[in-house]
Structure formats: structure tokens, C-alpha cells
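The values are calculated or read from the model by the stated rules, or taken from the named source; none is laboratory data. All figures in this text were calculated on a predicted structure; none of them were measured in a lab. Methodologically, a virtual Cβ is constructed for each residue, glycine included, from the backbone with ideal geometry; neighbour enumeration extends over all protein chains shown.
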Amino acid sequence: MKKLIFLLFATLAWGQVSAQQTKINTKTQQAVGTITVSGSVVDTTGAALPGAIVKLMSAQDTLTKNTDVNGKFTFSAVSQPSFSIFVSTLGYRSQLKKFSFKADRKTITLDPLVMRSESLVLHEVVINQPNTPYKLDVVEYRSSEYKVRNNQPIDDLLKKMAGVAVAPNGAITHNGQAITNIRVNGKRFIGGDPAQALKNLPAEVIERIQVIDDYGQQANLTGVKVGDPAKVLNISVQTPEGNTESYAKLIENRYQNPYDAPLSTFSVDVDNASYSNIRRFINNGQLPLKDAVRIEEMINYFKYQLPEPKGSRPVAIATELSAAPWAPEHRLLRVGLKARTVPTDKLPASNLVFLIDVSGSMNAENKLPLVKESMKMLVQQLRSKDKVSIVVYAGAAGQVLPATHADQKQVIFDAIDRLEGGGSTAGGAGIKLAYKIARQNLIKGGNNRVILATDGDFNVGESSDESMEALITKERESGVDLSVLGFGMGNYKDSKMETLADKGNGNYAYIDNMTEAHKALVSEFGGTIFTVAKDVKLQIEFNPAKVQAYRLIGYENRMLAKEDFNNDKKDAGDMGSGHTVTALYEIVPVGAKDPMSVDPLKYQKPARMQNTNSNEMLTIKFRYKEPQGNASKLSETIVYDKTVSPDQLSADHRFAAAVAEIGMLLRGSEFKGDATFEHAISLAKSAKGNDEDGYRAEFIRLAETAAAMSRTELAGK
């Protein structure tokens, strides 16, 4: 019997459960880790509750602990004396409490946190004619009949169903009989650990659960049942009606011959929305749509150790060359750019306009409520010299908060708290009004920016991608940038939001939970909000004496004509404080098998370059402008034909390669070569490194889940 390992305390809401403290570091002026907070969790009788999940949250901290066997917990590195505590444990009502102590407190002991039991009403429905093509006995449970909180793991839902039990080791039984097989939407797992794919499913995406008595293939065909049946658990995942998510069609970059195309030119891209969106798909039990996978955004979700720029330059470049993991006869070039990190107190004053979508489509729990909490996080990072205005739009657009200095945080919070959703979506009118208010409060030499929070479902007035692109292109001439924060699912318009951020000289992030909001708006605050180099372009010239073919991995919608590199009027991507950008090229060296399969020319031979005896493989040029400048500056570096052995490769290089390999597998790329989930996961594990924030560990978990799902008919293979 194959045991199905379900984690008893899976906590999707916080990204992972750990008995160790997880801390999201922030770059603030306040000292970090100076206060110790301890307490205990008990029930109404005073009995200790071991294993309860305790989360401490503040503007600077997001810490998670489990109570010990005595129900106690301790946070030893808290940054400030004002914080909230969220406690949850199975069978009890979750609670959130706020605390505020004097600033000089170094040790804080909280009164016991008392948890009240949660009454459970169990229902059982027996179906004589199962809704499956098999002649089997079925007991069916409708998830709508059970009360589950957002992001509760599926284990919690199973435990509420009559006759179903989940043991501490994850084994599932029904009326005392072990579940020996598991299906999702009727499709059987072909290999691997099925629990790996299911343990991350939040209970709210489950439509129904069936326990099936399977008497075998012969019984399925004849209806004659002999012997004891195997117990099968079938989990039906909801397919939202009217799902109108849209993604721009993406055609992968192909191999180029350096004789025909010696130059590869593209704009940098610091967006990482695709990765967060992919995580949402996988956590909801579904492999991502092909066009939702943008490999460069997956790679750039992670931070890499790159040298800081020297002197007055705002950007530095570094390279690394190795064999390509999925095609060892090929080379993998990693190009890394690092923007100068500017301390928060040295950043210019900000004039921010929050443009918030309050239409009816934003009413879901993972939309407007999450927007409001995210905006509050951002306000906490602002200084007294910064200003915030708030514009909302639904059927029409309006201003709900005039320009207010950020030292009046409560005034801003109150305006955010008053927001409610309803109506159609006049996105074009909202954008026009937001830019108008930003221009009225323009700070010369400052950071003037509209921050749009939406699901992108514009349906009144200007709403097509083309009309929105024209609007933003015109408005950006005013010196006001646009950043886009995407929220929600079901009617999510990725294609529209990526276009808006691209044309608005801003960045684009997808916020699927509070942890991601903290990453984008607190941990990476400077990079998200403050530009240190604009219109950053790269151009690489390949030496045909060394390179037979090359391919840029990703950046399909950032490609530029070779003439655009020297054209300072051509818009390109911007880099914020501390931002890193990584690009990968797969290179086919001379002498390797040619992937282009083009017959040699009969009547002419390509002219050989003079550089045939040089060891130079390629030359990298990059241009950038100062934030307030109009003329670009040029820098370049040479990469020689010298690969690094695997044991000398940096962990960053290996991890970026693993992410690219997973991205190609998720896309079903024709260029994936010998890539496998198993190899990519092994490579990622070997390159996890310190991983202080846990993002690389989360990637490995998602890759393992995707691998398990890909081995099923559910993946559509």
C-alpha cells in the first residue's frame, strides 16, 4: 500500500509551515531584531495547544512560529513594539490581536492567547448513481456544505467529513478502511507521490470529494463485484464559470545564425508578475497556461549576488559561462545587471497617486481586501516628505483623498478603509484622472508615479490593449511613471496590465497574498518605487568563429531592432534601486550539432569575420540614462570562450538555470532538450544556498508539485 503523505499543518496562507522562525528582512532605518516577544496559546480550560500556528506581523516583520509541546512560542528578533498576532489551529476559531508597547521594551511577555473551539456540522451524501463512467459505489461530499476559511489546507476539509480520518502521518481512511489511490477530477496519478501535488490545494478550490469503492477493471466492465474493493479518493477541483483570464500570445525566441544576425538587442525587464501568477496556478491545483509562463520573469523573481556599481555608474554588469544543463554540448551564458542601491533616506521625495479599481469584479477576498492591506504596507514605508493621493474608479472615476503627506498615515489609512467595490470598470477615465492629479502635485526631480491596483478587467470607455497603450504612451511624456499591481483570478487580464506597465515606464507585479505584497512593497520597496537608471538596453554581438547559433531565453516581448540600441528616443525598461536583471543565452558553439538544420549554401559562402583567431566569444554593450537625463551612456564587456566547470559555478548561475529549465518544461518548449523536472529540481536544491527569505525553497516545492501534476492525465499530456 502506498501511503499518501499529507502534511497535517500545511499553511498556504503564509507560504510554508516551519518550526523555525521565518523572517522577511526589510531595508529600513529602524534597527532590526532588538525585541523578544513570547507567549502561549491555550483553550478555554487553560490547556496548552501545541502545534498552533502563530504569526507576528508589523510594517517591518513577518514572522511565523509553531507552539511547542507546552503551547509556548518565542519570537527573538522583532523590530518594533507595535505588532499584530494571528493564531490558528485545527478545531478552533482563528484570532487576530493587535499589540502596542512602549518603545523601550526589549522583552515582551503576552498574556495567554485563548482559542475557542469551532463547532462542526458534518454532512454525508450517498450517491447510488455515481457521476463517473464507472459502475462503482460512491460516497460524495460537497465542499459547500462545510465551513472552511480561506487558504485552509485540504486536510482540514477532509477531517470535517463524516467517516473520513487523516492520521498524523498523513494516511487517510474512510470508515476505518485505508485510501489506497487518489484522483483529481477523475484522472489517476501515473507516478510520483500524489500527495506532493495535492498538499498545496487550498480547501476553497475543492468542489466535491468522492470516496469510491473500486472492485477492479472487470467489475467496471461487467458490474459483477467480487472481493473487497480498493478505496479511491477522487477530488474535484472547481473550474470557475466565465473564466476570462487573458494572456498575450507568446512565441519563443528561436536560434539565430550570427552570420545572418550577429546582433541581439533587447530591453531589460525587471517585472516578475509571471512567477507569482504561476505560483497561484500551481497552488490551486492547476498547471499554468502556456502563455502565462514568461521565463525571464520567473528568473528575475529571485535576487542574485552581483557586484555593486563602481564610481558614479548606476548599473554594473557581470557574466558567467557554463554548459547548458539540458543540452551539455551547448553553452549557457548568464548576463547579470545590478542597479545601485540607494539608502531610503537618500531617495528623492515621492508624489504617489494610488489608482484603485473598486469595480464589482474586485469584490472577491483576494482582490480589493488584499489591495487595501497592500496599500497600507506601502504607506508604512513612506517618509514625511512623500505625498499620497487616492483615485478610485468603477463606473466613473473620482478622487477620494487629495495629496496628503505621509506623516499623516492615519488619514491615509482611513481613506483606504472606506473603499468599497461595485459597478462596471472605467479604467481609461481613472488613468486620465490619476495622471492629472500627479501632474498637479509634480515634484521636480522627485519620484512622480501612479500605482495602479486592479485585475485589469476594464469594460467601460477606453479598454482595448491598443487604446490603453496609446493613452499611457501619451501620458508618460508628463514625467509621471506608472507601476501596476495585479490582483485576483478568473477574469485576470495579464496582457493588458503588462502593456500598461511597459508603456508607462514602470514595473508590473502580481500580488496573490500578503507575503507577496510584503516582498514587493516592503522588502523591495526601493526597487519597486524608485528608478536609478532608465531606458536600459543590451546589445550582444556574437563572434561567428566561436558561435554557430544562439538563442535568448525569454524576453520575447522586449526584443528591439538593432537600430534601436543607439536611438535615445526609443523607450526601454527601467531599473530601480538595488534591482538585479538576469538574462540567459543558450549558445551552440562551432562544431556542435546545428539545431537550425539549414542546408549549406551552394552558390555563395558567408564571408568570414577577421576575428577567427580571437578567443572572444561575444561582446556585450549596454546603454542607460540617468533618471532625469535624456542622453544615454554606453558601457561594454567582452566574454571569452572559457566555460567554468560545474564545481566552480556559482549557486546563482545554477539556480537561474534550474528556473529556466522548469519554465521550458511548463511551456512545453521545443527547445527544452533533455530537460526533466527531476534534473531541474535536483539542480535547484544544490543551489538553494542561504535562502534567508525562503523564496528558493518555495520554488523547489512548486516545482515538485508541478512535476507530480505533469505525470497525470490532469496535465493534459
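Annotations for the structure displayed:
- Residues in the range 660-684 that are part of a helix (DSSP H, G or I) and among the small types (Gly, Ala, Ser) were compared, and the one that is surrounded by the fewest Cβ atoms within 10 Å (Cβ to Cβ) is SER682.
- One residue alone among SER267, SER276 is closer than 30 Å to GLN628 by Cβ and outside the structural domain of ASN181 (by TED's automatic domain parsing), and that residue is SER267.
- ALA339 being out of contact with any His (no Cβ under 9 Å at 6 or more places or on another chain), of a type in the set (Gly, Ala, Ser) and modelled with pLDDT of 90 or more: no
- In the range 296-310 there is no residue matching the filter, namely being within 25 Å of the chain's Cα centre (by Cα), surrounded by fewer than 23 Cβ atoms within 10 Å (Cβ to Cβ) and farther than 29 Å from GLU541 by Cα.
- Filter result for the condition that a residue is modelled with pLDDT under 85, within 18 Å of LEU584 (Cα to Cα) and among the polar types (S, T, N, Q), over THR643, THR637: THR643
- GLU692 vs. criteria in the same structural domain as LEU584 (by TED's automatic domain parsing), in contact (Cβ under 8 Å) with a residue 12 or more places away in the chain and closer than 22 Å to ALA327 by Cα: no
- Filter result (aromatic (Phe, Trp, Tyr) and either part of a strand (DSSP E or B) or buried (at least 16 other Cβ atoms within 10 Å of the Cβ) (or both)) within the range 58-104: PHE73, PHE75, PHE83, PHE86, TYR92, PHE99
- For ASP647: the one exception among (1) under 20 Å from the mean Cα position of the chain (by Cα); (2) over 16 Å from SER710 (Cβ atoms): (1)
- Cβ-Cβ contacts under 6 Å between residues 6 or more apart (or on different chains), taken from a first residue in the range 435-455 that is under 30 Å from ASN366 (Cβ atoms) and surrounded by 16 or more Cβ atoms within 10 Å (Cβ to Cβ) to a second residue that is of a type in the set (Asp, Glu) and at pLDDT below 95, are listed as TYR435/GLU475; ARG449/ASP481; THR454/ASP357.
- Qualifying residue in the range 231-242 (condition: in contact with a strand residue (DSSP E or B) (Cβ under 9 Å, 6 or more places away or on another chain), crowded, with 18+ Cβ neighbours inside 10 Å and either modelled with pLDDT under 65 or under 30 Å from ALA656 (Cβ atoms) (or both)): no
- Filter pass, GLY573 being surrounded by 18 or more Cβ atoms within 10 Å (Cβ to Cβ), under 31 Å from the mean Cα position of the chain (by Cα) and modelled with pLDDT under 90: yes
- Residue in the range 351-370 that is under 28 Å from ALA656 (Cβ atoms), under 24 Å from the mean Cα position of the chain (by Cα) and touching a residue at least 60 places away in the same chain (Cβ under 8 Å) present: no
- When ILE638 is tested against (1) surrounded by 17 or more Cβ atoms within 10 Å (Cβ to Cβ); (2) touching a strand residue (DSSP E or B) at 6+ places or on another chain (Cβ under 9 Å); (3) among the hydrophobic types (A, V, I, L, M, F, W, C), only condition (1) is not met.
- Positions within the range 256-296 being touching a Ser or Thr at 6+ places or on another chain (Cβ under 6 Å) and at pLDDT below 95, in sequence order: ILE282
- The residues in the range 663-717 that are polar (S, T, N, Q) and either at pLDDT below 95 or closer than 22 Å to GLU297 by Cβ (or both) can be counted, and the count is 5.
- Among the residues making up the range 84-100, a single one is closer than 12 Å to GLY51 by Cα and at pLDDT 85 or above: VAL87.
Residue-wise test of (1) outside the structural domain of GLN399 (by TED's automatic domain parsing); (2) modelled with pLDDT of 85 or more; (3) in contact with a strand residue (DSSP E or B) (Cβ under 9 Å, 6 or more places away or on another chain).
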| site | (1), (2), (3) |
| --- | --- |
| ASN441 | no, yes, yes |
| LYS444 | no, yes, no |
| PHE458 | no, no, yes |
| ALA470 | no, no, no |
| ALA509 | yes, yes, yes |
| HIS518 | yes, yes, yes |
| LYS537 | yes, yes, yes |
